[in-house]
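Accompanying notes for the structure given below.
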């Protein structure tokens, strides 16, 4: 008997079931797969990360489900029990139970003979299977097939609807689903009829330019690319992107879309549709190369090179600059260490493509005064690039080596020593000359030859001294006290020689010899005094450098070794050079120069041992000592004295500046004269201000207001009188030109009257009358030219009116001065008395400046004399009550006093506070009383009147608004 017969019977039952159900099942599963795919596509089209993950998960689940179903089906077909339960049990559950029992009996009989015959058991199973109703199984399978077909039909319908609405959405969704790094792999068309235009930046002043779409192009950086097109598919969010940045397309109002892209770096632009975080590109690409705005090219003539400031005190700079689009600013840049200073040389207008110019750096430049390291000089230019921001172009550097600290002072001191030596030679020559009238000796010259030799020797010495006085020593000149002393002594020497020339005799020769000795001693005192003052200035500068050395040592201790070492090396180098220059500045310089050298050795020892704390202490000790630059034996401060490190200043025994009681006190006398002259000028200025205030207060506000109102009416009359006069650019030698000039002067007179300035009104009025009369004369000589004759006629008419107004102004000014003089009569008398006292002080200064060590230059004495005479004239006028003219003479005297003062040398501005400063501080000063306090309203009135007095009357309103803005 066939043992596989039950299994074959079950297989037939399975085949009968599958024949009905399997086709429908496959159709339904196919429809499910399509529906799932379409749903995943629509979901993924959202483009968000969750949506894409959900779509991918749905597809994965579909595949996994199908595989699991196939595995389960295969396992069911291999298990007869499941077949019996699924197929027989579906139509006859009792028969299915019987069949299962028969199956279990068959299986037990096959392994256990005690159960019974296996053949009988299989026969029983076959009979049970054979009783299964095939028709009922077929009907049941047909019902299951119908259900599967219904499900498949529903899913197919849904898929058909989803695909029919817009098939492209399925492609887009699947494209988005498989995108990588936010970019879909399958390009799709989005725009048609694409046009591209380029708009360069406005600063290039170029028009729009059409481009071939999707063709490579080169454009300036900042160009705006405008892409137009007609969308192929509606409802898509279209963008223009380079893969990093993007701009959206917007409706252009005519059925198309437009996007504007501002060009930065070179880019490849692509049209794309944005779906969430994913973009689907169009296959076309627009490659755009970016042309950057180049930095300006700056050429500095002669650069690069190195210049020593002492060799070239004036450094001419010539530059030429070009740029591809436009220049905005040109600067001169000075850099020294961490310091930087920028100076505007030019601001080209109209986007100029080139610029050229020059500049002269002088050794007296303020930047070089506090710089002890090489200075890098460049010309830098800024362009007008608004896209990436202005760019600076730089020239090659010009390296300026400044003098060492104290080097200009040392050069000046050496030059003065040379001049002093010339005086020594002159004195030696005169001592060797026999006096006129002495007994002749072999080889003695006669009187004319003697005088000629005396004159030639003095002329030679004076020429050398004048050459030294006119010299430039690294930006320093001989000015101030030293220059006054030297010129005064030369005047003294010239007077003594003139006396011998007028009356040659033993007495005059001895007097000349005595004066020459006095001049030499005074000159020597002045040189030593200048050397001492320069030493103090240089020492204070070096103190700042020593502080820098201490700070650098502190930085090294703090861990900043590289930068600190560079700073310390630079500071030590400057200190070393400064110490050598100090040694050339006389006794005090020798003292302090040796002190600096000794402390530098202390710093070097600490550096070798890397003992940065003691290096810092040594530098601070040196700085403290240099800030009190007195001779060591005077105690000058110091932490550096008696410290056991061998400061040379103690042993050097320097003499320092000249002390009272020495051979000549000319330097101190010159200083005292300068102080007295300065105080005289200051006191006279204060007295002049007091007279002005007295005159202003002498007239009551009501009288002034009435006079000003009357003057305003006369000003309006003048404007009306010249209203018909021409305003033209005709030359002044024509009637029209002269009439135009007369009108301008007349309007200036009117403006001065409106401001209450009668003096200025008179000046303008006189000039206006002269111009108008000239225009009248030229019009009469015009020879038939109507415009000239008309201008001359109108000028003559206006001149008559203006002459009347001029007479009124003269009378008004006279009345005003009379009121002021009468009101301030007592004050003017007191001012006259004080002016006499000031004139006496000027006379005393002049007398002192004419003799001995206090001698002044001739031009200073002459100006003092003129100032004294002018002050006495002012005194007389003030006593007579003529305040206006007295004030004018006071102003002239003040100008002469200020001209009498020697200009101060730049280096001496750093001088320490001396006796003159303390004297100025100690002088008594009047404390203003409460009645002299000026209220804010008074201050406002004075400012408005002062600003309104001068200038073109046509600018009156603008000046008034400007003044009011200042006073807000």
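The values are calculated or read from the model by the stated rules, or taken from the named source; none is laboratory data. The structure presented is a predicted model; accordingly, all values stated were derived computationally and were not measured. Here Cβ is always computed from backbone atoms with ideal geometry, including for glycine, and neighbour counts include all displayed protein chains.
Specify which of the listed residues (188, 155) is in contact with a helix residue (DSSP H, G or I) (Cβ under 9 Å, 6 or more places away or on another chain) and in the same structural domain as residue 235 (by TED's automatic domain parsing).
Every option except 188 fails the conditions.
Pick from 575, 520, 530: which is under 12 Å from residue 405 (Cβ atoms) and assigned by TED's automatic domain parsing to the domain that holds residue 459?
From the options 575, 520, 530, the qualifying one is 575.
Quick one: which residue in 475, 406 is in contact with a strand residue (DSSP E or B) (Cβ under 9 Å, 6 or more places away or on another chain) and at positive phi?
Criteria check complete, one pass: 475.
Assigned by TED's automatic domain parsing to the domain that holds residue 706 and either within 19 Å of residue 812 (Cα to Cα) or modelled with pLDDT under 80 (or both), is that true of residue 785?
Judged against the criteria, residue 785 is a match.
Here are some conditions: (1) modelled with pLDDT of 90 or more; (2) more than 46 Å from the chain's Cα centre (by Cα); (3) buried (at least 18 other Cβ atoms within 10 Å of the Cβ). Residue 460 meets all but one. Which one does it not meet?
Only one criterion in (1) modelled with pLDDT of 90 or more; (2) more than 46 Å from the chain's Cα centre (by Cα); (3) buried (at least 18 other Cβ atoms within 10 Å of the Cβ) is unmet by residue 460, namely (3).
Identify, please: which residue in segment 418-433 is under 19 Å from residue 525 (Cα atoms) and in contact with a helix residue (DSSP H, G or I) (Cβ under 6 Å, 6 or more places away or on another chain) and is, among those, surrounded by the most Cβ atoms within 10 Å (Cβ to Cβ)?
Out of the qualifying residues, it is 423.
Please verify whether segment 764-773 includes one or more residues that are more than 54 Å from the chain's Cα centre (by Cα) and without any contact (Cβ under 8 Å) to a residue 40 or more places away in the chain.
Yes, segment 764-773 contains a residue that is more than 54 Å from the chain's Cα centre (by Cα) and without any contact (Cβ under 8 Å) to a residue 40 or more places away in the chain.
Return the residues of segment 857-883 that are within 30 Å of residue 485 (Cβ to Cβ), part of a helix (DSSP H, G or I) and touching a helix residue (DSSP H, G or I) at 6+ places or on another chain (Cβ under 7 Å); say none if nothing qualifies.
Within segment 857-883, 858, 860, 861, 863, 864, 865, 866, 867, 868, 870, 871, 872 meet the criteria.
Which residues, taken from segment 717-739, are over 15 Å from residue 796 (Cβ atoms) and either buried (at least 22 other Cβ atoms within 10 Å of the Cβ) or touching a residue at least 60 places away in the same chain (Cβ under 8 Å) (or both)?
Of everything in segment 717-739, those that are over 15 Å from residue 796 (Cβ atoms) and either buried (at least 22 other Cβ atoms within 10 Å of the Cβ) or touching a residue at least 60 places away in the same chain (Cβ under 8 Å) (or both) turn out to be 717, 718.
Against the condition farther than 20 Å from residue 674 by Cα, assigned to a helix (DSSP H, G or I) and assigned by TED's automatic domain parsing to the domain that holds residue 429, how does residue 535 come out, does it pass?
Numbers: farther than 20 Å from residue 674 by Cα: yes; assigned to a helix (DSSP H, G or I): yes; assigned by TED's automatic domain parsing to the domain that holds residue 429: yes.
Criteria met by residue 535.
Of the residues 478, 465, which is under 60 Å from the mean Cα position of the chain (by Cα), under 30 Å from residue 363 (Cβ atoms), at pLDDT 85 or above and not in a helix (DSSP H, G or I)?
Of 478, 465, the one residue that is under 60 Å from the mean Cα position of the chain (by Cα), under 30 Å from residue 363 (Cβ atoms), at pLDDT 85 or above and not in a helix (DSSP H, G or I) is 478.
For segment 283-305, give me the residue count where each residue is surrounded by 21 or more Cβ atoms within 10 Å (Cβ to Cβ) and more than 30 Å from residue 364 (Cα to Cα).
Number satisfying all stated conditions: 4.
Would you mind finding the one in 470, 414, 511 that is closer than 20 Å to residue 535 by Cα and surrounded by fewer than 16 Cβ atoms within 10 Å (Cβ to Cβ)?
Answer to the check: 414.
Find the strands (runs of 3 or more DSSP E) located wholly in segment 262-345 whose residues include 1 or more that are under 29 Å from the mean Cα position of the chain (by Cα) and closer than 30 Å to residue 574 by Cα, and list them.
The strands (runs of 3 or more DSSP E) meeting that bar are 297-300, 305-308, 314-322, 327-336.
Being closer than 22 Å to residue 482 by Cβ and surrounded by fewer than 22 Cβ atoms within 10 Å (Cβ to Cβ), is that true of even one residue in segment 527-537?
yes
Here are 230, 236: which of them is in contact with a strand residue (DSSP E or B) (Cβ under 9 Å, 6 or more places away or on another chain), over 16 Å from residue 261 (Cβ atoms) and crowded, with 16+ Cβ neighbours inside 10 Å? Before you say what the answer is, go through the steps one by one.
On the way: 230 fails: crowded, with 16+ Cβ neighbours inside 10 Å.
Unique residue meeting the criteria: 236.
For (1) surrounded by 15 or more Cβ atoms within 10 Å (Cβ to Cβ); (2) under 30 Å from residue 293 (Cβ atoms); (3) at pLDDT below 85, each residue gets a yes or a no:
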site	(1), (2), (3)
185	no, no, no
188	yes, no, no
193	no, no, no
204	yes, yes, yes
214	yes, yes, no
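Search segment 611-628 for residues that are outside the structural domain of residue 534 (by TED's automatic domain parsing) and pair each with any residue that is surrounded by fewer than 22 Cβ atoms within 10 Å (Cβ to Cβ) and in a loop (DSSP other than H, G, I, E, B) when their beta-carbon atoms are under 6 Å apart and the residues are at least 6 apart or on different chains.
Pairs that qualify, where the first residue is outside the structural domain of residue 534 (by TED's automatic domain parsing) and the partner is surrounded by fewer than 22 Cβ atoms within 10 Å (Cβ to Cβ) and in a loop (DSSP other than H, G, I, E, B): there are none.
Going through 826, 835, 840 one at a time, which residue ends up being modelled with pLDDT under 80, farther than 29 Å from residue 719 by Cα and in a helix (DSSP H, G or I)? Talk me through it step by step, then tell me what you get.
Details: 835 fails: modelled with pLDDT under 80; 840 fails: modelled with pLDDT under 80.
Unique residue meeting the criteria: 826.
Scan segment 368-386 and give yes if some residue there is more than 19 Å from residue 570 (Cβ to Cβ), outside the structural domain of residue 321 (by TED's automatic domain parsing), in contact (Cβ under 8 Å) with a residue 12 or more places away in the chain and surrounded by fewer than 20 Cβ atoms within 10 Å (Cβ to Cβ), otherwise no.
Checking segment 368-386: not a single residue is more than 19 Å from residue 570 (Cβ to Cβ), outside the structural domain of residue 321 (by TED's automatic domain parsing), in contact (Cβ under 8 Å) with a residue 12 or more places away in the chain and surrounded by fewer than 20 Cβ atoms within 10 Å (Cβ to Cβ).
Here is a check on your reading of the model: is residue 559 outside any helix (DSSP H, G or I) and either assigned by TED's automatic domain parsing to the domain that holds residue 615 or under 27 Å from residue 631 (Cβ atoms) (or both)?
Answer is yes for this residue.
In segment 873-899, which residue that is over 51 Å from the mean Cα position of the chain (by Cα) and surrounded by fewer than 17 Cβ atoms within 10 Å (Cβ to Cβ) is farthest from residue 524 (Cα to Cα)?
So, considering only residues that are over 51 Å from the mean Cα position of the chain (by Cα) and surrounded by fewer than 17 Cβ atoms within 10 Å (Cβ to Cβ), the one farthest from residue 524 (Cα to Cα) is 880.
Looking only at segment 332-364, filter to residues that are in contact (Cβ under 8 Å) with a residue 60 or more places away in the chain and closer than 16 Å to residue 316 by Cβ; which one of those is surrounded by the fewest Cβ atoms within 10 Å (Cβ to Cβ)?
Filtering first and then ranking leaves 362.
Only one residue in 275, 249 is over 21 Å from residue 195 (Cα atoms) and in the same structural domain as residue 213 (by TED's automatic domain parsing). Which one?
Result: 275 is the single residue among 275, 249 that is over 21 Å from residue 195 (Cα atoms) and in the same structural domain as residue 213 (by TED's automatic domain parsing).
Is it the case, given these coordinates, that residue 716 is closer than 27 Å to residue 811 by Cα, more than 48 Å from the chain's Cα centre (by Cα) and part of a helix (DSSP H, G or I)?
Here the answer is yes, as residue 716 does meet what is asked.
If we scan segment 306-329, do we find a residue that is closer than 30 Å to residue 43 by Cβ and surrounded by fewer than 17 Cβ atoms within 10 Å (Cβ to Cβ)?
Quick first cut of segment 306-329, residues closer than 30 Å to residue 43 by Cβ only: none.
Within segment 306-329 (the criterion being closer than 30 Å to residue 43 by Cβ and surrounded by fewer than 17 Cβ atoms within 10 Å (Cβ to Cβ)), the answer is no, since none of the residues qualifies.
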